[in-house]
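Worksheet: one structure, shown below.
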Amino acid sequence: MSSPLLSPAVSNDAPSPTFFIALLAMGLGSFAIGVGEFISMGLLPEISASLAISIPQAGHSISAYALGVVVGAPVLAVLSTGRSRTRMLVVLMGLYAIANIASALAPNYEAMLLLRLLSGLPHGTFFGIASLVAASLAPAHMRTRAVAYVMLGLSIATLAGVPIATALGQWLGWRSAFVLVGLIALASAICIIKFVPYEAPQEGGRVSHELSMFTNRQVWITLGIGAIGFGGLFSIFSYVKPTLMSLAGLTEMGVPFVLALFGAGMVVGNIFGSRMADRDLLGTIKRCLIWSMVACAFFAIVAPYLWLACIAVFCVGTVVVIGPAVQIRLMDVAGKAQTMAAAMNHSAFNFANAAGAFLGGVAIDAGLGFASTGWVGVILSAAGLAMFYWMVIDAKRAQAASAAGR
């Protein structure tokens, strides 16, 4: 049995000819999810005015979506046991399309919360299954990059999709943005059918195999790194619009530009960080958490200065590389619970979304000011780093105990 600290053997095999086309089809789905997840953050004033609620109440739609991810990932992972992964990707994208188009029709605050929760249900399982499919198509030395390329759709959504959808929502009304998300999701479902190689249901797959994840301490600690350490990014990003408008004089017209900077940071982080992770997985996770502390502190300090704050937003975006890195770590330690662990990774990150947005709001409501979201980010990143060291120590102890028992 391999050590829980070791990655699979590296191969220099070239990817198949359909590899990048398949990744593009799944990446379109992650693009739809990225726009759907983050679009509310850019349209909180419009949603609050339309539904006659406060901006903090409108912000609850962000937490409702994240809660949907947390709930949906384990439930849908169990339901996908013994089914074709490619077929499940199509079903999940179809559900995502329907829920987002329905969100555009929400008549009041309560309906909006319910529909955003339903929109979040397919999120984690789609990313989890897409990551497994991407990694299965890739040579061993490109596993992290394959997962990162699928998640790159999420980054491009933040770079281009969310700013465009935000501008559309400001022009035609926030409901039009959710309709756009639904149409992109439908396009992804069609592309997956056409371009992703069909994967037959796995023989011998059992619900008990997936549920074994819940007794795997290494999986839980690894999930904790994402659930806590990634919260700093969301603490800042959830309130970036009101923060820079109130402290740095950002205009409404400048909001899409700032969102695009955040997306550009995500793209850079995904591309270069995934290459680092393929060479040194654990080292990349550790360095990313340290970098997150630095970037969040930088934002807290320079938030009143527009151009410096824009640079800080870009830097915070690069932290996203921890996503595919943690995903690969989970694949290495999850055993037979691959789908559950992969899906729960995105539950963890959306727990980070909800926790970051909540704690950032608590800091603001406590009178600490909008810039305090950066210091919340520092604390969460430091806690994630502590979880990382716990993971390494626990894995070494397990390895030593296994060796002693031979």
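The values are calculated or read from the model by the stated rules, or taken from the named source; none is laboratory data. Treat the numbers as computed from the prediction; the structure is a model and nothing was measured. Don't worry about glycine lacking a Cβ; one is built from the backbone with ideal geometry, like all the others, and counts go over all protein chains shown. Note: accessible area is taken over every heavy atom of the protein model, side chains too, but ligands, DNA and RNA are not part of it. Shrake-Rupley method; radii C 1.70, N 1.55, O 1.52, S 1.80 Å.
Spatial offset of segment 218-269 relative to segment 350-392 amounts to 12 Å, using the alpha carbon center of each. For segment 209-225, backbone nitrogen atoms closer than 15 Å to the point 7 Å from SER136 Cα along Cα-to-C-beta are found at 210. Peptides 127-136, 18-27, ordered by how many other C-beta atoms sit within 10 Å of their residues on average, highest first, read 127-136, 18-27. Estimated from helical segments only, the mean residue ellipticity of the chain at 222 nm is -26000 deg cm²/dmol, where each DSSP H run of four or more residues counts as -39500 (n - 2.57).
Computed from Cα atoms, the angle from the helix 55-79 axis to the main principal axis of the chain rounds to 20 degrees. Dipole magnitude for segment 29-154: computed about the Cα centre from +1 point charges on Lys and Arg Cβ and -1 point charges on Asp and Glu Cβ, it is near 560 debye. Sorting the segments 111-120, 390-399 by their mean number of nearby beta carbons within 10 angstrom, highest to lowest, gives 111-120, 390-399.
Across segment 350-357, coupling constants 3J(HN,Hα) worked out from phi with the 6.51/-1.76/1.60 Karplus curve, θ = phi - 60°, read 7, 4, 4, 4, 5, 5, x, 5 Hz, and Gly and Pro carry x.
For segment 203-334, relative contact order (Cα pairs under 8 Å, six or more residues apart, normalised by length) works out to 39 percent. If R0 is 35 Å, the Cβ-Cβ spacing of GLU252 and GLU110 corresponds to a FRET efficiency of close to 0.80. Our analysis of segment 318-406 gives Rg over Rh at 1.10, with the two radii drawn from alpha carbon positions and Rh computed by the Kirkwood formula. Working from label points 7 Å from Cα in the Cα-to-Cβ sense, the PHE272 to ILE301 distance is 2.0 nm. Of the solvent-accessible surface of the chain, computed with a 1.4 Å probe over protein heavy atoms with every protein chain present, carbon and sulfur atoms account for 72 percent.
Straight-line reach only, C-alpha to C-alpha below 17 angstrom: list the lysines that LYS286 could link to, leaving out same-chain residues fewer than 8 apart. Within the straight-line cut-off, LYS286 pairs with LYS396.
In the chain, taking the dipole from charged Cβ atoms about the Cα centre, the farthest positive-side position among LEU154, ILE33, ALA200 is held by ALA200. Contact order, relative form, for the chain: 26 percent (alpha carbon pairs under 8 Å, 6 or more residues apart, mean separation divided by residue count).
In a fully extended conformation the segment linking VAL362 and LEU172 would gain 65.2 nm over its present Cα-Cα distance, using 0.36 nm per residue.
Just how far, in whole angstrom, is segment 154-170 from segment 40-75 if you go by their alpha carbon centroids? What the calculation gives is 17 Å, centre to centre.
The distance between label points at ASP280 and THR215 comes to 3.7 nm (points 7 Å beyond Cα on the Cα→Cβ vector). Rounded to the nearest 10 degrees, the angle from helix 372-404 to the longest Cα principal axis of the chain is 10 degrees. Charge tally around THR86: other residues with Cβ under 12 Å, Lys/Arg +1 each, Asp/Glu -1 each, net +3. When percent of Cα pairs over 26 Å apart is computed from the coordinates, the matching label among [x] 53; [y] 49; [z] 56 is [y]. Of the peptides 338-345, 375-382, 267-274, the order by per-residue mean of other Cβ atoms within 10 Å, starting with the highest, comes out as 338-345, 375-382, 267-274.
Simple rule: put +1 on each Lys or Arg Cβ and -1 on each Asp or Glu Cβ in segment 158-304, find the dipole, and look at HIS209, LEU233, PHE298; the Cα lying farthest toward the positive end is PHE298.
Each Lys and Arg adds +1 at its Cβ and each Asp and Glu adds -1 at its Cβ; summed about the Cα centre, the chain shows a dipole of about 800 debye. Between VAL207 and SER402, full extension at 0.36 nm per residue minus the direct alpha carbon distance yields a gain of 67.5 nm. I'd like to know which of GLY377, ALA348, GLN399 lies farthest towards the positive end of the charge dipole of segment 302-406, counting +1 on Cβ of Lys and Arg and -1 on Cβ of Asp and Glu. The listed residue farthest towards the positive side: GLN399.
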